[in-house]
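Novice: Got a structure for you, questions after.
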Amino acid sequence: MSMAKVKGRPIVELGFLEKTPSWKLRSKFFPSKVGGYPAWLALKELPTYEELSCRRCNKPLVFLCQLYAPFHDKSICFHRIVFVFVCREPDCSQDNDASNIRVFRSQLPRENEFYSADPSKDIELGSESPGAGDFNNLCRVCGARGPKTCGGCKVARYCSKDHQALDWKAGHREECKNPDTVSKVSCKGSDTFLFPEFEIEMEPEELEVAKDKTEEEVMKDYQELLRSGQVTHQNDDDSDTENDLVDMATKETDKQFQKFRTRIMDYPDQVVRYDRGGEPLWVSTSNQPVAMPHCPACGEPRQFEFQVMPQLLVHLKVDNPGKSIDWGTILVYSCQDSCQQNKHYVEEVAFKQDYSPIPHIMKNHPHNETN
């Protein structure tokens, strides 16, 4: 991922979702993606079950997204991917609490034991290899390590009893009777657990969007947004995004949120903002971290790298009556030196910031206007 600069200042890169054939999102193509199975970078020594468990409920996390983000000035980071996992349990999604989110960094030099030094040909035949399944037994529900084996068919592998039970109810009960037809990775259980899969396409944020505005300009843009009840929409296939973003605006009177809304108005479909070493686009003036813990391995500070935007929730199909997983924004902080450690997957830090709630909807919101 490039970090071009204009007048010494890095350009923020924005991520947008694209529908892409699944074979193009496998490990050998080093994708940035949302949902489906993780496209692991290092194909050995995957994160353990304990590392991929929710800190609140101890259930397996689901893969949310990954960004291909090499450091071009470091040979050990010729390939580099940051992975984000989240708990699917709505009760574990608490305001301003990232206990249900975990982040891992993996990196490799150009010459490594898994991939050719030259780019792989963009063809489907053989695209599954090299992959983590060549070196590990993988859970066929989530794509993580699968040390547990189904006692019936002796083929299906799972990371935990939770995923074995989920798959059994989803259809393995019948499938198990014919071991020769059982797949090691693809199953009906994954359909109910994994998020929909998309590629993330990165584009630079236009400077006109990134320029600073006066408080008066911000307030004017914000009020016009609320009065219109709509925002500029780039993806005609997903009209729900407009209403979703306007609904968000009714939750917040914080001036920082007004700046947040104005900044993303021209690109409401952005699901990721990459700005390594920069400043996050906060959704609120409250609950901003004072300091991030330094890297425990090398002692260097952690820096902001990217954030996951609330617009992504529209595409995950996670809404349930009453409760659902939610966030204002998920911020990812990583070792500024991206230090080499004695394992392939290093845990970094996620910070979750939510909107500052208000007890009533703003009076000038169009939904509240009377005829």
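The values are calculated or read from the model by the stated rules, or taken from the named source; none is laboratory data. Please read these numbers as outputs of a predicted model, since none were measured by experiment. When we count neighbours, we look across all protein chains shown, and the Cβ atoms used for this are built from the backbone with ideal geometry, even at glycine.
Novice: Here are some residues: Leu67, Leu43. Which one is modelled with pLDDT of 95 or more, out of contact with any strand residue (DSSP E or B) (no Cβ under 9 Å at 6 or more places or on another chain) and either assigned to a strand (DSSP E or B) or crowded, with 20+ Cβ neighbours inside 10 Å (or both)? If you could, list the steps in order and put the result at the bottom.
Specialist: Values: Leu67 fails: out of contact with any strand residue (DSSP E or B) (no Cβ under 9 Å at 6 or more places or on another chain).
Result: Leu43 is the single residue among Leu67, Leu43 that is modelled with pLDDT of 95 or more, out of contact with any strand residue (DSSP E or B) (no Cβ under 9 Å at 6 or more places or on another chain) and either assigned to a strand (DSSP E or B) or crowded, with 20+ Cβ neighbours inside 10 Å (or both).
Novice: Further question on the same structure: Could you check region 145-166 and list, in sequence order, the residues that are outside any strand (DSSP E or B) and out of contact with any Phe, Trp or Tyr (no Cβ under 7 Å at 6 or more places or on another chain)?
Specialist: Step one: list which residues in region 145-166 are outside any strand (DSSP E or B), which gives 146-147, 150-156, 159-166.
Selection gives Pro147, Cys150, Gly151, Gly152, Cys153, Lys154, Val155, Ala156, Lys161, Asp162, His163, Ala165.
Novice: What is the residue count in region 167-182 for residues that are part of a helix (DSSP H, G or I) and among the basic types (Lys, Arg)? Give the steps one after another, and end with the answer.
Specialist: Going through region 167-182, the residues part of a helix (DSSP H, G or I) turn out to be 167-175, 179-181.
Now narrow it down to the ones that are among the basic types (Lys, Arg): 169, 173.
Matching residues across region 167-182 total 2.
Novice: Also: Cβ-Cβ below 8 Å, separation at least six or inter-chain, first residue in region 259-272 and closer than 11 Å to Val283 by Cβ, second hydroxyl-bearing (Ser, Thr, Tyr) and buried (at least 19 other Cβ atoms within 10 Å of the Cβ): which pairs?
Specialist: Final answer for the pair search is Arg261/Tyr222.
Novice: Quick check on this structure: which one of Arg88, Arg105, Arg56 is closer than 24 Å to Pro289 by Cβ, of a type outside the set (A, V, I, L, M, F, W, C) and touching a Phe, Trp or Tyr at 6+ places or on another chain (Cβ under 9 Å)? Explain how you work it out, then say what you get.
Specialist: Numbers: Arg88 fails: closer than 24 Å to Pro289 by Cβ; Arg56 fails: touching a Phe, Trp or Tyr at 6+ places or on another chain (Cβ under 9 Å).
One residue alone meets the criteria, Arg105.
Novice: Restricting to region 47-60, what's the tally of residues that are part of a loop (DSSP other than H, G, I, E, B) and either at pLDDT below 95 or buried (at least 23 other Cβ atoms within 10 Å of the Cβ) (or both)? If you could, list the steps in order and put the result at the bottom.
Specialist: From region 47-60, those part of a loop (DSSP other than H, G, I, E, B) are 47-52, 54-59; that's our starting set.
Retained after the next criterion (residues that are either at pLDDT below 95 or buried (at least 23 other Cβ atoms within 10 Å of the Cβ) (or both)): 47, 52.
Matching residues across region 47-60 total 2.
Novice: Does region 97-110 contain any residue that is touching a residue at least 24 places away in the same chain (Cβ under 8 Å), assigned to a loop (DSSP other than H, G, I, E, B) and closer than 16 Å to Ala39 by Cβ? Outline the logic, then answer.
Specialist: Taking region 97-110 first, the residues touching a residue at least 24 places away in the same chain (Cβ under 8 Å) are 97-110.
Right, trim to assigned to a loop (DSSP other than H, G, I, E, B) and you get 97-100, 109-110.
Remaining after also requiring closer than 16 Å to Ala39 by Cβ: none.
The answer is no, given that none of the residues of region 97-110 is touching a residue at least 24 places away in the same chain (Cβ under 8 Å), assigned to a loop (DSSP other than H, G, I, E, B) and closer than 16 Å to Ala39 by Cβ.
Novice: Let me ask you something else. Residues in region 280-293: is at least one without any contact (Cβ under 8 Å) to a residue 60 or more places away in the chain and more than 17 Å from Tyr333 (Cα to Cα)?
Specialist: no
Yes/no matrix, rows are residues, columns are (1) charged (D, E, K, R); (2) closer than 30 Å to Lys44 by Cβ; (3) over 16 Å from the mean Cα position of the chain (by Cα):
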{"position": "Arg261", "(1), (2), (3)": "yes, no, yes"}
{"position": "Pro280", "(1), (2), (3)": "no, no, no"}
{"position": "Pro293", "(1), (2), (3)": "no, yes, yes"}
{"position": "Glu300", "(1), (2), (3)": "yes, yes, yes"}
{"position": "Tyr333", "(1), (2), (3)": "no, yes, no"}
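Novice: Looking at region 280-292, which of the residues that are of a type outside the set (A, V, I, L, M, F, W, C) and at pLDDT below 95 is surrounded by the most Cβ atoms within 10 Å (Cβ to Cβ)? Working first, answer last.
Specialist: At the first step, the residues of region 280-292 found to be of a type outside the set (A, V, I, L, M, F, W, C) are 280, 284-289.
Next, from what is left, pick out any that are at pLDDT below 95: 284-289.
Numbers: Ser284: 21, Thr285: 12, Ser286: 13, Asn287: 17, Gln288: 13, Pro289: 13.
Result: Ser284.
Novice: I'm trying to understand the selection: among the residues of region 186-201, which are of a type in the set (A, V, I, L, M) and closer than 9 Å to Leu17 by Cα? Can you show your working first?
Specialist: Of region 186-201, the ones of a type in the set (A, V, I, L, M) are 194, 200.
Correct list: Ile200 only.
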